[in-house]
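Data block below; observations after.
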Amino acid sequence: MTETIAAPGHPSAGIDPDDLATCLRVIAELDDLPADHAGEGPLAIEPRLIELCFQTAGVWELGTSGRMALPTHVDRAQLFDREGLAPGGRWAIVTPREAGVSDADVVDATGRVLLRLEGYRTIELPGGPGETELAPIREAMS
């Protein structure tokens, strides 16, 4: 099974920054890691793709609500056919549903979905960062 969620060329194609509903999508890029980060053997899934979703959702939470949280649950993880994927970077497109709950897709340069996480939930850590620490990330997201 294959699925494409964005126009060819870049996964953010078609996102209108003036449309609040689509602006709730956060995009982060993952370039190839050095060879010394390769796995020991064949894996059913690349853990760094899931981590890319977690980190992207975490940046969104920090920048919008100041909430620092850790993963606690995923309703569903779905892998897609990996044959014929475009070379190069991968992007996580995270769509927050409500506080602490997001969906995420990891796509290649053509927008073809490699991995989908639905119902990704976090649990807030006590004593999160203060406004001074949050200011740079909030500024970057505005």
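The values are calculated or read from the model by the stated rules, or taken from the named source; none is laboratory data. Since the model is a prediction, treat every value here as computed from it, not as a measurement. Note: ideal-geometry Cβ built from the backbone for every residue, glycine included; neighbour counts use all protein chains shown.
If the condition is being within 14 Å of residue 56 (Cβ to Cβ) and among the aliphatic types (A, V, I, L, M), then region 102-113 contributes 104, 106, 107. Being at pLDDT below 60, aliphatic (A, V, I, L, M) and touching a Ser or Thr at 6+ places or on another chain (Cβ under 7 Å) is a property that residue 24 has.
Pairing residues of region 39-59 that are β-branched (Val, Ile, Thr) with residues that are at pLDDT below 80, at Cβ distances under 6 Å and at least 6 apart in sequence or on separate chains, gives 56/26; 56/28. Considering only residues in region 53-87 that are more than 23 Å from residue 135 (Cβ to Cβ) and part of a strand (DSSP E or B), the one that is modelled with the lowest pLDDT turns out to be 79. Region 88-135 holds strands (runs of 3 or more DSSP E) entirely within its bounds, and those carrying 2 or more residues that are free of Cβ contacts under 8 Å to residues at least 24 places away in the same chain map to 90-98, 101-107.
For region 60-82, a tally of residues being more than 19 Å from residue 119 (Cβ to Cβ) and of a type in the set (A, V, I, L, M) returns 2. On the stretch given as region 81-107, residues that are buried (at least 16 other Cβ atoms within 10 Å of the Cβ) and more than 16 Å from the chain's Cα centre (by Cα) total 1.
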